[in-house]
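Reading through the structure tokens given below for one structure.
The values are calculated or read from the model by the stated rules, or taken from the named source; none is laboratory data. Being a predicted model, the structure only gives us computed values, none of them experimental. All Cβ positions, even for glycine, are placed from backbone atoms using ideal geometry, and neighbour counts span all protein chains on display.
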Amino acid sequence: MSSLSSFVLDYFLFSIFVFLFPEGTLPVLIANIAARMVSAFYNYSLNCRFVFYTNRQFRTVADYFTLASGI
């Protein structure tokens, strides 16, 4: 459920950002990056709380975003 809700949030945010930004390649890239960053933090927060039952810590945040950026 955390992955599915993150996907829905990512798609929704991307659609809004593309609508708000002017047309062009760079605004679409910015919209994509912004939506991914927000949905990744949302996914990380959900996984910490409901999957792994841990608190957010700098080390796990760094590991998560390093892995996510590699993917």
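Residue-wise test of (1) in contact (Cβ under 8 Å) with a residue 40 or more places away in the chain; (2) touching a helix residue (DSSP H, G or I) at 6+ places or on another chain (Cβ under 8 Å).
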site: PRO22; (1), (2): no, no
site: PHE41; (1), (2): no, no
site: LEU46; (1), (2): yes, yes
site: THR54; (1), (2): no, yes
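Within segment 23-71, the set of residues being more than 13 Å from SER3 (Cα to Cα), basic (Lys, Arg) and in a helix (DSSP H, G or I) comprises ARG49, ARG59. Residues of segment 13-38 that are in contact with an Asp or Glu (Cβ under 9 Å, 6 or more places away or on another chain) and charged (D, E, K, R): ARG36 alone.
Report whether or not ASN32 is at negative phi and modelled with pLDDT under 90. No: the conditions fail for ASN32. Being at negative phi and modelled with pLDDT of 85 or more is a property that ARG56 lacks. PHE12 meets all of the listed conditions (1) assigned to a helix (DSSP H, G or I); (2) at pLDDT below 90 but one, namely (2).
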